[in-house]
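Trainee: Can you keep this structure in mind? I'll have questions shortly.
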Amino acid sequence: MPRYQPMSALNRNEYLNKMSSEQLDLLIIGGGITGAGIALDASARGLKVGLVEQNDFSSGTSSRSTKLIHGGLRYLKQGELKLVQEVGQERAVLHQNAPHIVVPEHMLLPLVQGGSYGKIATSFGLWLYDRLAGVEKQERRKMLSKAETIRKEPLLRQDILRGAGLYVEYRTDDARLTIEVLKTAATQGAQCVNYAEVTRFIYAEKNASGKDKESKSESINGSRNENIFESKDSRVIGVEVQDKRNGEIYPIYAHKIVSATGPWADQLRVLDNSLHGKRLRLTKGVHIVVPYARFPINQAVYFDVADKRMIFAIPRGESTYIGTTDTDYDGPLENPNVTTEDVTYLLQAVNGMFPTVQLIEEDVTSTWAGLRSLVDEEGKSPSQLSRKDEVFVSDSGLITVAGGKLTGYRKMAERVVDIVMKQLHTESERVYRPCTTDKIILSGGDFLGEDDVIQHPSEAIEPYIQQLMLDSYNSNVDKKQVTDLVLKYGMNTTQIITIYKQLMDKQDYHLEVGGENEQDCLLAIAELTYTIQEEMVTSLDDFFIRRTGRLYFEREKIGELSPILKRVITDLLS
Ligand code: FAD
């Protein structure tokens, strides 16, 4: 019997029908990392969970970050010790649970004359950072002399250099982390659907006879319902969802509704008539990508910029990416734009600290911009605003979670689901169950299995790659291709290789490319097939941007693959 696929693009209608035909315990609006984390936590605690996302999963901020699981060194400077401790400790948990996508990475922090960090303060700061985060001995910070720093990173500007701190952060792929959390939630029973937008809230109000009477909010695109409750006595009991792929409308009812909509959170609060008190302040962060050959740094660097901010330069495969800016933003929430000014700022930052590199605009191969949704505090600049998360519960019962970081998503989810469980316990005597997500291995991350004696999950990745190479004997895949897949899909790579072998046997697709490229193409078809069946890919944008990151980091490969992959996706989805 074929395996049930809880996140197949082919079954989206079925999932929406199912969600619409039963009352959920919890409906989550928003399929970024925050919503995904809540879906996993709540379904693991036994709740009947649904999640709807208006575009693709992670298409908001959760595919547009700096892609670091980090303790947030700069929050130390802002005195946010508790935040540093929590997110620092989370790095170890996430590495343990998803070793294929949360990977340790050395970060160099050059100390320069007039820079943000002095030598003694840095040495102490990094020491404290390691202690708060519970960093293992071999990963603790090292302070480097000027000569040692230059040996490590010869491209650095040397006249103002005083030395450096070398410490460990973790790199990730934000969009893949989000999808792996969602896939894990789906195996725990959560139903998650993309391209499904919440357009209205549905309320119940006690009328004179004491019975519930139903009404709807104004719709998100402004059309008014004749029967709107603005009374504080109305209770949110559901939402109307529009399937953006075919226009169909589904009412979905749930005991509890959480809005995890990041930058859109205030829009949903307006829809709920509950935008009072604290508001969001949006700031834009831009990244640029250049070929690694043009900016060949030996490891990630976190360096000073002339305006006293600090930015990252991070090597990734054949590219290096640089970010970020931090400026107030009030434009459209979908696809915030990257201006020439943003690009110039980042190029100047690199050229100032790495003077022999001299990047120009033509070196930039791609860019992305994301919106931080921070809880506003009067009189503070964008960079001074806290990255802490906050939860608001409206009079109607809508629970909104705002702020936060990718790194802290699991703890944030725990706080939100604790509130949901407590409310359900009080209102309907549901058994309260505590959070268990620190022990849940994410989809693709179970390299150790049950009886394995290896302590460190990352040590088990290499043997798995070797095993895959043995299993793929005779099928022309090389180690780099397998490794690249494993670092995206973890142990689910086995499924992709199986599809690839079936394609080789069947020769279904007539490929207009030859030799090595033909085999690259077949592997990409296998990858696309897997992501349609298991990760709800509905378009090539979903595939190239969020499931594989090719648009940002391997743009040159897209041109050749696009025509054949277009045929494949049309075949599979029709
Ligand atoms: P989002 O990812 O924006 O998700 C909200 C979702 O809600 C969206 O997908 C949206 O489409 C959906 N939605 C909205 N309205 C509706 C509706 N009506 N119906 C259905 N769905 C709806 N954090 C780190 O830990 N490390 C980093 O390196 C890092 N770097 C960053 C760099 C930048 C430039 C930025 C901007 C942020 C960075 N962050 C980082 C922070 C981190 O990316 C965010 O905290 C996190 O991604 C927010 O996730 P979210 O799920 O709350 O929001």
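Each reported figure results from applying straightforward, stated rules to the coordinates on display, with no laboratory input. Fair warning: this is a prediction, and the values are worked out from it, not measured in the lab. Backbone-built Cβ (ideal geometry, glycine too); neighbour counts: all protein chains shown.
Trainee: Quick one: net charge of T339's neighbours, Cβ under 13 Å, K/R +1, D/E -1? Don't jump to the answer; show the numbers that get you there.
Mentor: Details: positive: K284; negative: E341, D342, E361.
Once all neighbours under 13 Å are counted, the net charge is -2.
Trainee: Students often check this: by mean Cβ neighbours within 10 Å, which of 401-414, 295-308 ranks highest, and how do the rest follow? If you can, show how the numbers build up before the last one.
Mentor: Details: 401-414: 25.0, 295-308: 17.6.
Ranked by mean Cβ neighbours within 10 Å, highest first: 401-414, 295-308.
Trainee: Assuming a ≥ b ≥ c are the square roots of the Cα gyration tensor eigenvalues, decide whether region 271-419 counts as rounded (a/c under 1.5), prolate (otherwise, with a/b larger than b/c) or oblate. Before the final figure, lay out the partial values.
Mentor: Details: a/c = 2.50, a/b = 2.14, b/c = 1.17.
Note, shape of region 271-419 comes out prolate.
Trainee: Counting only C-alpha contacts under 8 Å and six or more residues apart, can you give the relative contact order of the chain as a whole percent?
Mentor: Details: 1105 pairs, mean separation 110.7, N = 574.
Relative CO of the chain lands at 19 percent.
Trainee: Choose one of I69, G79, Y15: the residue whose Cα lies farthest towards the positive end of the charge dipole of region 4-118 (beta-carbon charges +1 Lys, Arg; -1 Asp, Glu; about the Cα centre).
Mentor: Checking the options against the dipole of region 4-118, the answer is G79.
Trainee: Give the relative contact order (percent, whole number) for region 399-506; include only Cα pairs under 8 Å separated by 6+ residues. Kindly include the intermediate steps, with their values, before the conclusion.
Mentor: On the way: 50 pairs, mean separation 20.6, N = 108.
With pairs under 8 Å counted, the relative contact order is 19 percent.
Trainee: Also, quick follow-up: Can you give the calculated 222 nm mean residue ellipticity of the chain, where each DSSP H run of n ≥ 4 adds -39,500 (n - 2.57) and the sum is split over every residue, rounded to the nearest 500 deg cm²/dmol? Kindly include the intermediate steps, with their values, before the conclusion.
Mentor: Values: 16 runs with 201 residues, N = 574.
That comes out to -11000 deg cm²/dmol.
Trainee: Calculate the FRET efficiency for Y4 and D438 from the Cβ-Cβ distance with a Förster distance of 25 Å, rounded to the nearest 0.05.
Mentor: On the way: r = 27 Å, r/R0 = 1.08.
So the FRET efficiency works out to roughly 0.40.
Trainee: Can you give me the distance in nm between label points at T344 and E390, each placed 7 Å from the Cα along the Cα-to-Cβ direction?
Mentor: Placing both labels 7 Å along Cα→Cβ, they lie 3.6 nm apart.
Trainee: Hey, another quick one. By how many nm would the segment from E429 to R131 lengthen if fully extended, with 0.36 nm per residue of separation less the alpha-carbon distance? Walk me through the numbers before you get to the answer.
Mentor: Numbers: separation 298, 0.36 × 298 = 107.28 nm, distance 4.11 nm.
This chain segment gains 103.2 nm when fully extended.
Trainee: By per-residue mean of other Cβ atoms within 10 Å, what is the highest-first order of 460-471, 72-83? Please list the in-between numbers first.
Mentor: Values: 460-471: 14.8, 72-83: 17.0.
Taking the mean over residues of other Cβ atoms within 10 Å, the ranking is 72-83, 460-471.
Trainee: Could you tally the net charge around P434, taking each other residue with its Cβ under 14 Å from the Cβ of P434, Lys/Arg +1 and Asp/Glu -1?
Mentor: Numbers: positive: R45, R410, K411, R415, K422, R430, R433, K439; negative: D41, E414, D418, D438.
That sum, taken over residues with Cβ under 14 Å, equals +4.
Trainee: A follow-up question, please. List the residues of region 300-314 whose backbone N lies under 17 Å from a point placed 7 Å from the Cα of R555 along the Cα-to-Cβ direction.
Mentor: The answer is 314.
Trainee: Moving on. Once you have the Cα-Cα distance between S381 and E518, take 0.36 nm times their residue separation minus that, and quote the gain in nm to one decimal.
Mentor: Numbers: separation 137, 0.36 × 137 = 49.32 nm, distance 5.21 nm.
So the chain would gain 44.1 nm between S381 and E518.
Trainee: Sorting check: for 429-442, 177-190, which peptide has the highest mean count of neighbouring beta carbons within 10 Å, and how do the rest follow? Spell out each step's value before the answer.
Mentor: Details: 429-442: 15.1, 177-190: 25.9.
Listed from highest to lowest mean packing, they are 177-190, 429-442.
Trainee: Which lysines have a Cα less than 30 Å from the Cα of K439, not counting those fewer than 8 places away in the same chain?
Mentor: K18, K48, K67, K82, K137, K183, K256, K388, K405, K411, K422, K488
Trainee: How long is the gain from A147 to A306 if the chain were fully straight, where each residue apart is worth 0.36 nm and the alpha carbon distance is subtracted?
Mentor: Values: separation 159, 0.36 × 159 = 57.24 nm, distance 2.32 nm.
Separation in residues times 0.36 nm, less the Cα-Cα distance, equals 54.9 nm.
Trainee: Estimate the FRET efficiency between E248 and I419 by the formula 1/(1 + (r/R0)^6), using the beta-carbon distance for r and 35 Å for R0, to the nearest 0.05.
Mentor: Values: r = 32 Å, r/R0 = 0.91.
It comes out at approximately 0.65.
Trainee: Turning to a different aspect of this structure: Testing the spin-label approximation: label points 7 Å from Cα along Cα→Cβ at D541 and K506. State their distance in nm.
Mentor: In this crude spin-label approximation the distance works out to 2.8 nm.
Trainee: Quick check: net charge around A369, other residues with Cβ under 13 Å of its Cβ, Lys/Arg +1 and Asp/Glu -1?
Mentor: Details: positive: R64, K284, R372; negative: D326, E334, E341, D342.
Summing Lys and Arg as +1 and Asp and Glu as -1 gives -1.
Trainee: Would you kindly calculate the translational diffusion coefficient of the chain, applying Stokes-Einstein with the Kirkwood radius from alpha carbon pairs, for 4 °C and a viscosity of 1.567 mPa s, and quote it in µm² s⁻¹ without decimals?
Mentor: Once the numbers are plugged in, D ends up at 52 µm²/s.
Trainee: A further question on this structure: How big is region 42-145 in terms of Cα radius of gyration and Dmax, in angstroms?
Mentor: So, for region 42-145, Rg and Dmax equal 17.3, 56 Å respectively.
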